[in-house]
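Here's the structure we're looking at; comments come further down.
The values are calculated or read from the model by the stated rules, or taken from the named source; none is laboratory data. Everything numeric here is computed off the predicted structure, so don't read it as measured data. Virtual Cβ from ideal backbone geometry, glycine too; neighbours counted across all protein chains shown. Protein only, heavy atoms only, side chains kept; ligands, DNA and RNA dropped before computing areas. Shrake-Rupley method; radii C 1.70, N 1.55, O 1.52, S 1.80 Å.
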Amino acid sequence: MDEQKVLITPDGYGRIAIVRRDDCRYCLYEHWRWDLKTQIAFHVEPVRDRRWTHNDYDREALYEGEGIDPLPGLFATLEDAEREARSLPGFADAIEEAK
């Protein structure tokens with residue numbers, strides 16, 4: 001995946017990757033990690049505070065498997081894609097992930 005920019009929500013649980021496609025247009029992939037309260041509510045064990053801002057993670061694994069599709073919409077420019085990403089719930093004040 002050709003991630004051009006990754007935005008992380010201020011709380012560190014949400015992630016949107018702006019990905020350049022083979023046709024040079026851009027699309028968005030959204031990923032979330034559950035906060036502690038949600039993990040407890042759904043009986044996830046072990047309960048851990050995992051945020052996108054903690055430790056490294058396998059970027060390629062985020063795009064593997066069935067049902068891993070981009071959000072609806074294609075964008076001609078990186079700027080248009082970022083504007084759309086920041087319009088989504090939780091991402092208005094998102095921070096660009098350092099690579």
Task: Solvent-accessible heavy-atom area per residue, rounded to whole Å², over the chain at 1.4 Å - done: 66 Å²
Task: For region 1-36 and region 42-86, distance of Cα centres in Å - done: 5 Å
TODO: Note down the Stokes-Einstein diffusion coefficient of region 2-96 in µm²/s, whole number, using a Kirkwood radius over alpha carbon pairs, 4 °C, and 1.567 mPa s.
DONE: 91 µm²/s
TODO: Could you tell me what percent of the accessible area of the chain is made up of carbon and sulfur, with a 1.4 Å probe and every protein chain present?
DONE: 50 percent
Open item on the list: How much length would be gained if the chain were fully extended between E45 and W32, taking 0.36 nm per residue of separation minus their Cα-Cα distance, in nm to one decimal?
Closed with: 3.0 nm
Task: Spin-label pair N55/D69, simplified geometry with 7 Å Cα→Cβ offset, distance in nm - done: 3.2 nm
TODO: Would you work out the relative contact order for the chain, in percent, from Cα pairs under 8 angstrom that are 6 or more residues apart?
DONE: 37 percent
